[in-house]
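Enquirer: Got a structure here, written out as structure tokens. Questions coming.
The values are calculated or read from the model by the stated rules, or taken from the named source; none is laboratory data. For clarity, every value in this text was computed on a predicted model and none was experimentally measured. Cβ placement follows ideal geometry from the backbone for every residue including glycine, while neighbour counts extend to all protein chains displayed. The protein model used for the area step is the full one, side chains on, heavy atoms only, and it has no ligands, DNA or RNA in it. Shrake-Rupley method; radii C 1.70, N 1.55, O 1.52, S 1.80 Å.
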Amino acid sequence: MAASIWVVVEQWQGQITDISFEALALGREVADTSKATLEAVLPGHQCAALAEQLGCADSVLCADHPALAEPVPETHAAALAELARQRQPRAILIPVTNTAMGVSTLLGALLDAPAVNFAIDLKATDGTLEARCVLYGGKVETRVRFSKQPAIIGLWPGARPADQGRSDRKPAVEQVQVSLPSEARVRLKRYIEPEAGEVDLTREDILVAVGRGIQSKDNMELAEELARALGGELCGSRPVVDQGWLPLSRQIGKSGLTVKPKLYLALGISGAPEHVEGMKNSGLIVAVNTDPQAPIFNVAHYGVVADALELVPALTEAVRARKG
Ligand SMILES: Cc1cc2nc3c(=O)[nH]c(=O)nc-3n(C[C@H](O)[C@H](O)[C@H](O)COP(=O)(O)OP(=O)(O)OC[C@H]3O[C@@H](n4cnc5c(N)ncnc54)[C@H](O)[C@@H]3O)c2cc1C
């Protein structure tokens, strides 16, 4: 039997999440280079129709069970462990998101298998799998080689473009049974939806985003004036929101909004993965930062190494002059 690479597909309120397609794109590459098959594993309840979207994989294992209806890591890890014991995949790629965060580590414990989180890449070289992982908000990178299988890899958003993992091809779908305990120790009690903001930033074409580099609440006015001159809206990173300089409805990133404006102007934002997750698909990213090594420059199309407090007023004036 050919070795298989698994990608665990995450769904959220009836939709397959983007990170699942990113994981499929990476899984496809690894499967092709290591001559393995790529299998998407779809745990859930009454969600078999979603399998049709997973044509990037050679086949889909659909594990349907009422206990898998909600994203509870304990039950999802138990189901995956049961299937992995039966089918012995070589590697299991699992999205690391707020809801699926615990699945990879729990699965590692259940299978007594090596597990890493926050992987941004995976390669198969000379018969060995090697994951590249980030630590400390992207400031440190590690390489982990797996000598035992299954290798369990918690995948951070952005490893590959999601579109690369989408395909119109219809995959072979197999329904598989899992036996789960009737009562899970952890249960989802309710969702709390964030309050709607006064503007819908996800629909804006121009966003001026402010990070801790803005240094004080008084300086927010500078960024606000630039946003106004450009005809855009103001948003920011989490520390700016935590300080109360912007409302939560304007936070971009993992625990805030995901946006895709035509222009994302990042002022004094370091580019931590949790922030990048929410803005990396913007059409044009321009970053201003005093630190030439800031990770935001890895995702920016244009980077300016400068003091935002000096640059922003000059930029506002130039925009106003151009607009007349
Ligand atoms: C579970 C979890 C969820 C999270 N969710 C989010 C989220 O949704 N959104 C989010 O943003 N973060 C989130 N974070 C926090 C994230 O890890 C980072 O801490 C945060 O994004 C850093 O914000 P920052 O870039 O503004 O600040 P810093 O990392 O402190 O960066 C400030 C940057 O400003 C630069 N700078 C300083 N002075 C100037 C100047 N005068 N001009 C220009 N540049 C200057 C510095 O060089 C530095 O690069 C989350 C963290 C966790 C653990």
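Enquirer: Could you tell me how many cubic angstrom of Cα convex hull volume the chain has per residue?
Expert: Spelled out: Cα convex hull of the chain, divided by residues, is 146 Å³.
Enquirer: Restricting the count to DSSP beta bridges whose residues both fall in the range 4-176, what percent are antiparallel, rounded to a multiple of 5?
Expert: 35
Enquirer: Would you work out the charge dipole size for the chain about its Cα centre, treating the Cβ of every Lys and Arg as +1 and the Cβ of every Asp and Glu as -1, and quote it to the nearest 20 debye?
Expert: In total the dipole reaches around 500 debye.
Enquirer: Can you sort THR125, THR258, THR17 by 1.4 Å-probe accessible area, starting with the largest?
Expert: THR258, THR125, THR17
Enquirer: May I ask you to evaluate 6.51 cos²θ - 1.76 cosθ + 1.60, the Karplus curve with θ = phi - 60°, for each residue of the range 145-161 and list the ³J(HN,Hα) values in order in whole Hz, giving x for glycine and proline?
Expert: With coefficients 6.51, -1.76 and 1.60, one gets 9, 9, 9, 9, 10, x, 7, 9, 10, x, 9, 7, x, x, 4, 8, x Hz.
Enquirer: Could you tell me the accessible area of ASP112 in Å² (1.4 Å probe, neighbours in place), rounded to the nearest ten?
Expert: Probe radius 1.4 Å; accessible area of ASP112 about 110 Å².
Enquirer: Over the range 201-323, what is the relative contact order in whole percent, taking alpha-carbon pairs under 8 Å and six or more residues apart? Intermediate results must be reported in sequence, preceding the final value.
Expert: Values: 265 pairs, mean separation 31.4, N = 123.
Relative contact order of the range 201-323: 26 percent.
Enquirer: To the nearest 10 Å², what's MET279's accessible area with a 1.4 Å probe?
Expert: For MET279, solvent-accessible area is about 0 Å².
Enquirer: Counting pairs on different chains as well as pairs 8 or more places apart, how many Lys pairs in the chain have Cα atoms under 17 Å apart?
Expert: Final tally of qualifying lysine pairs is 5.
Enquirer: Ok, one more. How high is the relative contact order of the chain, in percent, counting Cα pairs under 8 Å that sit 6 or more residues apart?
Expert: Relative contact order here is 15 percent.
Enquirer: Something else about it: Indicate the gyration tensor shape class of the range 211-324 (rounded, prolate or oblate), computed on the Cα atoms with a ≥ b ≥ c the square roots of the eigenvalues: a/c under 1.5 is rounded; otherwise a/b larger than b/c is prolate and the rest oblate. Walk me through the intermediate numbers first.
Expert: Values: a/c = 1.37, a/b = 1.24, b/c = 1.10.
Rounded.
Enquirer: Let me ask something else. Give the percent of DSSP beta bridges with both residues in the range 201-323 that are antiparallel, rounded to the nearest 5. Don't skip to the answer; put the middle values down first.
Expert: Working: 0 of 20 bridges.
Here the share of antiparallel DSSP bridges comes out near 0 percent.
Enquirer: Given the chain, what percent of its DSSP beta bridges are antiparallel, to the nearest 5? Don't jump to the answer; show the numbers that get you there.
Expert: Working: 15 of 63 bridges.
Of those bridges, close to 25 percent are antiparallel.
Enquirer: Over the range 119-258, what relative contact order in percent results from Cα pairs under 8 Å that are six or more residues apart? Mind dumping the intermediate values first?
Expert: Working: 144 pairs, mean separation 19.8, N = 140.
Here the relative contact order equals 14 percent.
Enquirer: How many angstrom lie between the Cα centre of the range 24-78 and the Cα centre of the range 212-235?
Expert: 43
Enquirer: Quick one: with all protein chains in place, what share of the accessible area of the chain is carbon or sulfur, to the nearest percent (1.4 Å probe)?
Expert: Taking all protein chains in place, the chain shows 50 percent carbon and sulfur surface.
Enquirer: Please turn the phi angles of the range 36-50 into ³J(HN,Hα) values with the Karplus equation 6.51 cos²θ - 1.76 cosθ + 1.60 (θ = phi - 60°), one per residue in order, whole Hz, x for glycine and proline.
Expert: Computed from phi, the couplings for the range 36-50 are 10, 9, 9, 10, 8, 10, 10, x, x, 9, 6, 10, 4, 4, 5 Hz.
Enquirer: So what's the angle, to the nearest 10 degrees on a 0 to 90 scale, between helix 220-230 and the longest Cα principal axis of the chain?
Expert: 90
Enquirer: Another question, if that's okay. Using the Karplus equation 6.51 cos²θ - 1.76 cosθ + 1.60 (θ = phi - 60°), what ³J(HN,Hα) coupling, rounded to whole Hz, does each residue of the range 247-261 give in order, writing x for Gly and Pro?
Expert: With coefficients 6.51, -1.76 and 1.60, one gets x, 4, 5, 10, 7, 9, x, 3, 9, x, 8, 9, 10, 9, x Hz.
Enquirer: What do you reckon, how do PHE21, PHE118, PHE297 stack up by accessible area (1.4 Å probe), largest on top?
Expert: Details: PHE21 5, PHE118 65, PHE297 45 Å².
From most accessible down to least: PHE118, PHE297, PHE21.
Enquirer: Something else: Enumerate the amide H contacts of ALA306 below 5 Å, restricted to partners 5 or more residues apart or on another chain; note that Pro and chain-start residues carry no placed amide H.
Expert: ASN289, THR290
Enquirer: Need one word for the range 4-176: rounded, prolate or oblate. Basis is the Cα gyration tensor (sqrt eigenvalues a ≥ b ≥ c); a/c below 1.5 gives rounded, then a/b vs b/c decides.
Expert: Since a/c stays below 1.5, the shape of the range 4-176 is classed as rounded.
Enquirer: Give the long-range amide H neighbours of VAL41: residues separated by 5 or more places, or on another chain, with amide H under 5 Å away, using H modelled in the peptide plane at 1.01 Å from N.
Expert: Long-range HN contacts for VAL41: VAL7, VAL8, VAL9, LEU61.
Enquirer: In deg cm²/dmol, rounded to 500, what helix-only [θ] at 222 nm does the chain give when every DSSP H run of at least 4 residues adds -39500 (n - 2.57) and the total is split over its residues?
Expert: Result for the chain: -7000 deg cm²/dmol, rounded to the nearest 500.
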